[in-house]
1. Suppose we flag GluC sites (Glu not before Pro) only when DSSP calls them loop and at most 12 other Cβ atoms lie within 10 Å. Which is the longest uninterrupted stretch of the chain?
2. How much accessible area per residue does segment 129-174 have, counting only protein heavy atoms and a probe of 1.4 Å, in square angstrom?
3. From the protein chains alone at 1.4 Å, what is the descending order of accessible area for H233, H271, largest first?
4. Label-point separation (nm) for R16 and Q192, each offset 7 Å from Cα along Cα-to-Cβ?
5. Could you give the accessible area per residue of segment 218-313, probe 1.4 Å, as a whole number in Å²?
6. Is segment 56-190 rounded, prolate or oblate when judged by the Cα gyration tensor, a ≥ b ≥ c being the square roots of its eigenvalues, rounded requiring a/c under 1.5 and prolate requiring a/b larger than b/c?
7. Carbon-plus-sulfur fraction of the accessible area of segment 87-214, 1.4 Å probe, in percent?
8. Which whole-number percent is the relative contact order of segment 1-106 (Cα, under 8 Å, 6+ apart)?
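The values are calculated or read from the model by the stated rules, or taken from the named source; none is laboratory data. Because the structure is predicted, anything quoted here is derived from the model rather than measured. Positions of Cβ are backbone-derived with ideal geometry, glycine not excepted, and every protein chain shown enters the neighbour counts. Quick note on the areas: whole protein, heavy atoms, side chains included, nothing else; ligands and nucleic acids left out. Shrake-Rupley method; radii C 1.70, N 1.55, O 1.52, S 1.80 Å.
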Amino acid sequence: MSFPALDLDLDGIRGRVTPNFGLDAVTWFRVGGPAQALFQPADADDLALFLQRLPESVPVLVIGVGSNLLVRDGGIEGVVIRLSAKGFGAATRLPGDRIRVGAALPDKRVAAFALEQGLSGFAFYHGIPGGIGGALRMNAGANGGETRERLVEVTAIDRSGRRVTLSNAEMGFTYRHTAAPDDLIFVDAVYQGEPADPATIRAAMDEVEAHRERAQPIREKTGGSTFKNPPGHSAWKLVDAAGCRGLMIGGAQVSEMHCNFLINTGSATAHDLELLGETVRARVLATSGIRLDWEIKRLGIPLPGETVEPFLGA
Ligand SMILES: Cc1cc2nc3c(=O)[nH]c(=O)nc-3n(C[C@H](O)[C@H](O)[C@H](O)COP(=O)(O)OP(=O)(O)OC[C@H]3O[C@@H](n4cnc5c(N)ncnc54)[C@H](O)[C@@H]3O)c2cc1C
């Protein structure tokens, strides 16, 4: 499956456009169809200019390192934007024990930079495999820490190419969610740290790492936690109680190690994974009466005849 070429005005644009870019190459699940066009801007000014020029009718979607995405097999229409480490990967120390980090910087690198600077509060990022753009959109958190607790403000570019700044309050963070408008592409963020002894920070990071190794299938092709924890419940316990641990559809499997993780065992399609997820939701609903919500972002279009009904039409 491939899309027709988009007619783009690239005069003066320094970034790179790749038509029909296979997104399976950049998602953790290693599945998904092509982006009609992938744009990798050179820097924030380049991104702003590109968006100003782009006709309003062309859909735009930004992705990070793809660790929380299920891209459907038919791909994504319009332009998919991916920020490069070169243009969006800087980290600098600011006065007042703050740091400014680019949105393409991996969370792990932010934790390491804070350690170098003798600033605590970022050890939880050591265990999250995404980048800062995704962490801001998902309010990523782990091991007792969350993005919203450390964030001061975010710089973003909107669909018309205008630069905007949002405070922590304006981001409207809730559990694994922000209320910031969907069209915003985050380009950098300022965080507040707390001065601390580097040995103490390192110990906290080691603890985060050890916990991951014990509890999560981190070396598999996965998308992280599939479902949000419903208030007062753990998603994995509900999935387990519904008898879904190890359940397989095609090449997709509910992890034996942590049953809120889905795994591509090698040959899964996005359709297999989505069908497995909806099968799990249907079984959890039947056994517990609880409706699980997807935490993983499902994007794009299915191949013809492969639409998956929520809760399998229940
Ligand atoms: C093994 C494993 C373990 C994980 N453990 C955790 C965990 O403990 N805690 C946790 O919170 N998450 C966890 N995750 C999920 C994931 O790593 C986080 O949600 C991460 O923040 C996603 O970042 P990403 O760069 O991969 O974003 P993507 O998955 O590429 O995108 C996620 C969302 O962010 C949006 N987005 C990405 N970049 C930008 C940007 N620059 N501007 C605006 N929106 C943007 C995308 O449009 C999409 O909606 C885990 C994933 C895996 C595979």
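1. The longest uninterrupted stretch comes out as 57-255.
2. Value returned for segment 129-174: 38 Å² of accessible area per residue.
3. In descending accessible area the options line up as H233, H271.
4. My value for the distance between the label points is 4.0 nm.
5. 45 Å²
6. prolate
7. Looking at segment 87-214 in its full context, I get 53 percent from C and S.
8. It rounds to 27 percent for segment 1-106.
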